[in-house]
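**Q** Quick one: the structure is below, questions incoming.
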Amino acid sequence: MSSLKTIIRLQKWKLDEKRRALAELQSLADRLQAEIERLKEEIAAERDTARGNVEYAFTYSNYIQAAMERGKRLTQSMGQVEAQIAVATDEMAEAFQELKRYELAEEERLKREKEKLKRKEANMLDETALVGFRRRQQEESSVES
């Protein structure tokens, strides 16, 4: 196995790792977004309940403060995850480009080897034809003498 093939395998593994990490971050972002949406729905439901019940309206302000704080933390977490996704996407793109460079180098190496083999085969065929030509000439000279 050529050293380029080994490097290509390593780069493919690295690229797969980058893809997995990005997928995990995107999954986390999806979960955070779902949690944010769930919190918005919960706040709306609690607001409707507080409007209909005077006794509950007194505790609603404490609830809304806690819910808003939770929403703020979720939004901050979402921002951090989005930043990590951007970094992971860039890293994955770099890993992909590096893999492609090695794959192109390997293709070029194989192409050169194939051309070298073709030249060698052509030289062997030329040599065989030349040997045959010389034999025929010797046979013709022997027959003439």
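The values are calculated or read from the model by the stated rules, or taken from the named source; none is laboratory data. Source: prediction; values computed, not measured. Reconstructed Cβ throughout: ideal geometry from the backbone, glycine too, with neighbour counts over all protein chains shown. When the accessible area is computed, the model is the full protein with side chains, heavy atoms only, and any ligands, DNA or RNA have been set aside. Shrake-Rupley method; radii C 1.70, N 1.55, O 1.52, S 1.80 Å.
**Q** As an exercise, use a Förster radius of 41 Å and the Cβ-Cβ distance of L117 and A23 to find the FRET efficiency, rounded to the nearest 0.05.
**A** Approximately 0.45, to the nearest 0.05.
**Q** Here is a further query. Hey, can you find the accessible area per residue of the chain for me, probe 1.4 Å, expressed in square angstrom?
**A** For the chain, the per-residue accessible area is 79 Å².
**Q** Report, to the nearest 10°, how far helix 3-52 tilts away from the longest principal axis of the Cα atoms in the chain, using its own Cα long axis and a range of 0 to 90°.
**A** 20
**Q** For F58 and E107 in one chain, what is 0.36 nm times their gap in residues minus the Cα-Cα distance, to one decimal in nm?
**A** Fully extending the segment from F58 to E107 adds 10.3 nm.
**Q** Relative contact order for the chain: what percent, with Cα pairs under 8 Å and sequence separation of 6 or more? Can you show the working numbers first?
**A** Numbers: 53 pairs, mean separation 58.4, N = 145.
Here the relative contact order equals 40 percent.
**Q** Here's a follow-up. Give me the number: length gained by fully extending R134 to Q80, i.e. 0.36 nm times residue separation minus the C-alpha to C-alpha distance, one decimal in nm.
**A** Numbers: separation 54, 0.36 × 54 = 19.44 nm, distance 8.07 nm.
Length gained, R134 through Q80: 11.4 nm.
**Q** Shifting gears a bit: Over the chain, what lengths in whole Å, largest first, do the semi-axes of the equivalent ellipsoid take, defined as the square roots of 5 times the eigenvalues of the alpha-carbon gyration tensor?
**A** Working: eigenvalues 1278, 29, 12 Å².
Rounded to whole Å, the semi-axes are 80, 12, 8.
**Q** Given the pairs K5/K118; K5/K116; K18/K72; K18/K100; K100/K120; K14/K114, which are separated by over 25 angstrom at their Cα positions?
**A** K18/K72; K100/K120; K14/K114
**Q** Another question, if that's okay. Using the eigenvalues of the Cα gyration tensor, what equivalent ellipsoid semi-axes result for the stretch 68-128 when each is taken as the square root of five times the eigenvalue, whole Å, largest first?
**A** Numbers: eigenvalues 681, 6, 3 Å².
Here the semi-axes work out to 58, 5, 4 Å.
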